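Below is one structure, written out as structure tokens; comments come after it.
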Amino acid sequence: MQHSIILLLLLVCISCNSCSQSNPKQTGNAKTGQQEIKVGGNCEGCEAIYESPVSFEQLNEVDTLPGFNEPGPKIEISGIIYQRDGKTPAKGVILYIYHTDKKGIYATKGTESGWAKRHGYTRGWMKTNEKGEYKFYTLVPASYPNSNNPKHIHPTIKEPGKTEYWIDEFLFDNDPLLPEAERTKNKPVGGSGVLKTSMKDGMLRATRNIILGLNVIDYPKQ
Ligand SMILES: [Fe+2]
């Protein structure tokens, strides 16, 4: 009798253990044709990352967004994308960004197709280099017209072997509309997106480092 109780306890223990080890979900990605780990939950519009006018192979770490030469406050935003350990630079990571114009509108030309109809033409794509670096040049966006929404830049990430996912928006520390909660956020996705800008050589500059998978749903531990 005692033996069978021990055996039962042992079986329960083993089955509990296997329950707690969730396997990453693989998915066939129609865009890349690869089997990839599904991460980040649902993300409406994240697939816009595949609308890059240049193939992922040909992308590099720097982009200048359309409209940069128009009047308005120019900004250079750069940083390093790290692996989940927060230390190892991640190369070959695609970063897609889009944002509003100085009127707070996702400006279109009327000729757009796909997600550009909603994201507008002020968007860009980069692929991190060996050092994990990315950089882009653009005009500072404005908040939506007549809104309390802080100005922001939407980022999407695509790293090798995983599906595309969103991370926290780029936000501006000096924006009066920025809620205090954004500055003190507990679990920023990909790391804090709040930018501290400084003026250098006639242009605003800001840095944001990104940690892949940080606070990202279904992101594998390893
Ligand atoms: Fe937005």
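When region 1-58 is examined, which residues are found to be modelled with pLDDT of 95 or more, among the hydroxyl-bearing types (S, T, Y) and loosely packed, with under 10 Cβ neighbours inside 10 Å?
Passing the criteria: only S55.
Does K131 fit the bill of being basic (K, R), in contact with a Leu (Cβ under 8 Å, 6 or more places away or on another chain) and over 18 Å from G72 (Cα atoms)? Explain how you work it out, then say what you get.
Values: basic (K, R): yes; in contact with a Leu (Cβ under 8 Å, 6 or more places away or on another chain): no; over 18 Å from G72 (Cα atoms): yes.
Answer is no for this residue.
Kindly list, by first and then second residue, each pair from a residue in region 90-104 that is touching a residue at least 24 places away in the same chain (Cβ under 8 Å) and among the aliphatic types (A, V, I, L, M) to a residue that is surrounded by fewer than 24 Cβ atoms within 10 Å (Cβ to Cβ) and in a loop (DSSP other than H, G, I, E, B), limited to pairs with Cβ atoms under 7 Å and residues at least 6 apart or on different chains.
Matching pairs, first to second residue: A90/Q83; A90/G132; A90/E159; V93/E159; I94/L59.
Go through region 61-105 residue by residue and tally those that are more than 21 Å from the chain's Cα centre (by Cα), part of a loop (DSSP other than H, G, I, E, B) and not acidic (D, E). First the steps, then the outcome.
Initially, region 61-105 is screened for residues more than 21 Å from the chain's Cα centre (by Cα), giving 67-74, 102-103.
Going one step further and asking which of them are part of a loop (DSSP other than H, G, I, E, B), we end up with 67-73, 102-103.
Right, trim to not acidic (D, E) and you get 67-69, 71-73, 102-103.
Matching residues across region 61-105 total 8.
Quick check on this structure: which one of L177, L214 is farther than 19 Å from G104 by Cα and part of a loop (DSSP other than H, G, I, E, B)? Talk me through it step by step, then tell me what you get.
Details: L177 fails: farther than 19 Å from G104 by Cα.
Residue meeting the stated conditions: L214.
When you look at G86, is it touching a His at 6+ places or on another chain (Cβ under 9 Å), among the small types (G, A, S) and modelled with pLDDT of 95 or more, yes or no?
No, not satisfied.
Which residue, of D175, D218, is in contact with a Lys or Arg (Cβ under 7 Å, 6 or more places away or on another chain), within 28 Å of N146 (Cα to Cα) and acidic (D, E)?
Only one candidate qualifies: D175.
Between a residue in region 159-173 that is of a type in the set (A, V, I, L, M) and any residue that is assigned to a loop (DSSP other than H, G, I, E, B), which pairs come within a Cβ distance under 7 Å, given they are 6 or more apart or on different chains?
Listed by first residue and then by second, the contacts come to I167/V189; I167/G190; L171/P150; L171/L178; L171/G193.
Quick one: count up the residues across region 151-207 that are of a type in the set (A, V, I, L, M, F, W, C), more than 16 Å from the ligand (Cβ to nearest atom) and under 15 Å from I94 (Cα atoms).
Final tally of qualifying residues: 1.
For residues in region 87-135 being crowded, with 22+ Cβ neighbours inside 10 Å and among the aromatic types (F, W, Y), which is farthest from the ligand (Cβ to nearest atom)?
Here the answer is Y134.
The values are calculated or read from the model by the stated rules, or taken from the named source; none is laboratory data. Everything numeric in this text was worked out from a predicted model, so none of it was measured. As a convention, Cβ positions derive from the backbone with ideal geometry for all residues, glycine included, and neighbour counts pool all protein chains shown.
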